[in-house]
Amino acid sequence: MSRIRSLRHLYIEGCLLNHMPPSIGKLSYLRSLSFFIVDRRRGRDIDELGSLLNLGGSLRIEHLEKVKSPTEAKKANLAGKMNLKRLTLEWGLNIDSTESYKEKTAQVLEALEPPPGLEFLRIDNFRGMRFPRWFSNNGAIFQNLDSIEFFDCKNCSELPTGMGKLPSLTCLGMYRMDCLRYVDNESESFGTGELEGAGYLQLQKLRISCLPSLERLSRSRMERRDIFPRLSSLNIEGCPKLTSLHCLQSIRELSIKGCSETALESVSNLHTLTSLEIWNNDDLASFPDGFLHNLTALKSLKISGFTKLQYLQSDMFVGRTALEILSISSCYTLECFSTGIFQGLISLKEIRIENCRKLKSLSDSFGDLSALESMEMRLCEELETFPNGLNNLSSLQHLILKGSWMADLPENLQHLPALKHMLISGFPYLEKLPDWLGDLTSLSSLYIMFCPNLEYLPTRKLIIQLLVPTGVHEFAFQKAEDVVLPWWVTKLVKWFRNFRFGFAVPEQKPESIETLSMVEDVVTAMLENLNSLIQKEFGLLLGVSREMEKLSSILSAIFVALEEA
């Protein structure tokens, strides 16, 4: 390959290579290179990159543990590659934990100084104990660096000094860093109480995962709110020692997985929050009193994996008039909602309750959710009924019921005037569908799945409504062979089994036949729905053959069938 001197672009992403082609450094016109694998053999070591000054775009350098010395790393001349925008520096797995190896690794990274125009930097599996000085020395040079990620830098107890001063740094991610205690590491000057650093002035997104030693976001114990003045999105996972989130004045989105009670208490100070997700706690039986009361701008709340949560305080949502989305899942010991808990949620549009195995009832204040548009109840097997007042849910259009031990659909559901889409799935004891489904005049799609004991469909009223253009356009039913259909539906299937619908209803109609009116209604409805209904929806229910003949003799077939009836 080294003979292809005019080669400009070499894309080898996805290739399972163990080493690079030899002497790749001779491709001096090369502008794009997906990645480079360091090897100790001649012609494949890191100094092959030194002559590739035109490299631009994205570059990943793998197996940096094979670099022989910092001097060899310097020969790669990364700082001279002015067109390079994205750089990943990756060490392989190495069991060498000696102090000499850690020191050598730190020196190698020091020698791999990136070019000043870099926009993205990722450092992966670095085993040195300190980060390089070029972060602080050249902070004014890295004007375009807007995203930095650290993965598995397990021996570093501090982030690079001065990194927060990078003028374009908006995204920062830290993952599996065992020794890191603070994100902002600028300490207070001894005896003065003043901060030596200015924090992360431009940072907008911060991702933290598996930092077991992290205690606070800032080393400072002062209640300063200007350390992360622009931070709007924060994702925290696996930080059991984290206790405080006091220094966030502009936070909009917060997600905490594996959160402690102390961290939850500090959430109440984040007045600007619009989205909050809290996950995975095996200790709390209830939330701290008033931890949502100051979050007046909150629009979305998701609670998941609080395995010992027994109840939600009745005043938990007081004043949450901006809340639009509420999701509660995998709270296995939650049995009911407090009386009046949903009062005042005048903006709530979506509610989802999933995998709350012991939930038996909803609050009577459920009917106060007048703005509710979508409701999902999934895997709440012991839910017995729905509360009264559902007729007040005048905006509810989407309803999903999945996984329940109910033997009958709750009759309260018939009072949903705006309901358009309904899915019923995983009801093992459900034997029949109620006739009042036909009273849901706005219903436009109905799906019924995984109801093994369902034997009877509703009567003629609903089936006709399912077929008319102003009624249900989508009706899917699984395991139809187990269903006992009304006699007139079975008869209708026989009439139309060999025909493809595409013509209008004939002007001349038979007279003086008892079933004529019913048949005319059904036939008219089916003809208006054309092939899409027969082949996609109604065909799924009744097993109508897709290979139908054209409707050349539709009239004669109807007359013959009516005469036999």
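The values are calculated or read from the model by the stated rules, or taken from the named source; none is laboratory data. Source: prediction; values computed, not measured. We place every Cβ from the backbone using ideal geometry, glycine too, and count neighbours over all the protein chains shown. The protein model used for the area step is the full one, side chains on, heavy atoms only, and it has no ligands, DNA or RNA in it. Shrake-Rupley method; radii C 1.70, N 1.55, O 1.52, S 1.80 Å.
Which condition breaks for residue 21 when tested against (1) touching a residue at least 12 places away in the same chain (Cβ under 8 Å); (2) farther than 29 Å from residue 168 by Cβ; (3) out of contact with any Ser or Thr (no Cβ under 9 Å at 6 or more places or on another chain)?
(3)
Within the range 14-38, how many residues are modelled with pLDDT of 85 or more and among the aliphatic types (A, V, I, L, M)?
Number of matching residues: 5.
Just to be sure, is residue 280 touching a strand residue (DSSP E or B) at 6+ places or on another chain (Cβ under 7 Å), in contact (Cβ under 8 Å) with a residue 24 or more places away in the chain and on the phi > 0 side of the Ramachandran plot?
Yes, satisfied.
Give 256, 251 a once-over and let me know the one that is closer than 26 Å to residue 336 by Cα and without any contact (Cβ under 8 Å) to a residue 60 or more places away in the chain.
Step by step, each of 256, 251 is checked, and only 256 is closer than 26 Å to residue 336 by Cα and without any contact (Cβ under 8 Å) to a residue 60 or more places away in the chain.
Take the residues in the range 361-370 that are closer than 23 Å to residue 333 by Cβ and assigned to a loop (DSSP other than H, G, I, E, B); name whichever of them is most open to solvent (accessible area, probe 1.4 Å).
Ranking the candidates gives 361 first.
Looking only at the range 326-341, which residues are in a loop (DSSP other than H, G, I, E, B) and surrounded by fewer than 22 Cβ atoms within 10 Å (Cβ to Cβ)?
330, 332, 333, 335, 336, 338, 339, 340
Identify, by number, the condition in (1) open to solvent by 40 Å² or more (accessible area, probe 1.4 Å); (2) modelled with pLDDT under 90; (3) within 27 Å of residue 68 (Cβ to Cβ) that residue 134 doesn't meet.
With (1) open to solvent by 40 Å² or more (accessible area, probe 1.4 Å); (2) modelled with pLDDT under 90; (3) within 27 Å of residue 68 (Cβ to Cβ) applied to residue 134, the lone miss is (1).
For the range 346-360, which residues satisfy the criterion of being open to solvent by 10 Å² or more (accessible area, probe 1.4 Å) and part of a strand (DSSP E or B)?
350, 352, 354
Please specify each residue of the range 85-100 satisfying the condition of being more than 27 Å from residue 13 (Cα to Cα) and open to solvent by less than 70 Å² (accessible area, probe 1.4 Å).
Selection gives 96, 98.
Mind checking which residues of the range 371-427 are of a type in the set (Val, Ile, Thr) and open to solvent by 50 Å² or more (accessible area, probe 1.4 Å)?
385
Could you tell me how many of the residues in the range 51-84 are open to solvent by 60 Å² or more (accessible area, probe 1.4 Å) and either β-branched (Val, Ile, Thr) or assigned to a helix (DSSP H, G or I) (or both)?
2
Hey, among 126, 142, which residue is crowded, with 19+ Cβ neighbours inside 10 Å, in a loop (DSSP other than H, G, I, E, B) and touching a Cys at 6+ places or on another chain (Cβ under 6 Å)?
126
Exactly one condition in (1) hydrophobic (A, V, I, L, M, F, W, C); (2) open to solvent by less than 60 Å² (accessible area, probe 1.4 Å); (3) within 25 Å of residue 65 (Cβ to Cβ); (4) modelled with pLDDT of 90 or more is not met by residue 163; state its number.
Among (1) hydrophobic (A, V, I, L, M, F, W, C); (2) open to solvent by less than 60 Å² (accessible area, probe 1.4 Å); (3) within 25 Å of residue 65 (Cβ to Cβ); (4) modelled with pLDDT of 90 or more, residue 163 violates only (4).
Report, by residue number, each residue of the range 268-311 that is modelled with pLDDT of 95 or more and open to solvent by 70 Å² or more (accessible area, probe 1.4 Å).
Across the range 268-311, the qualifying residues are 299, 302.
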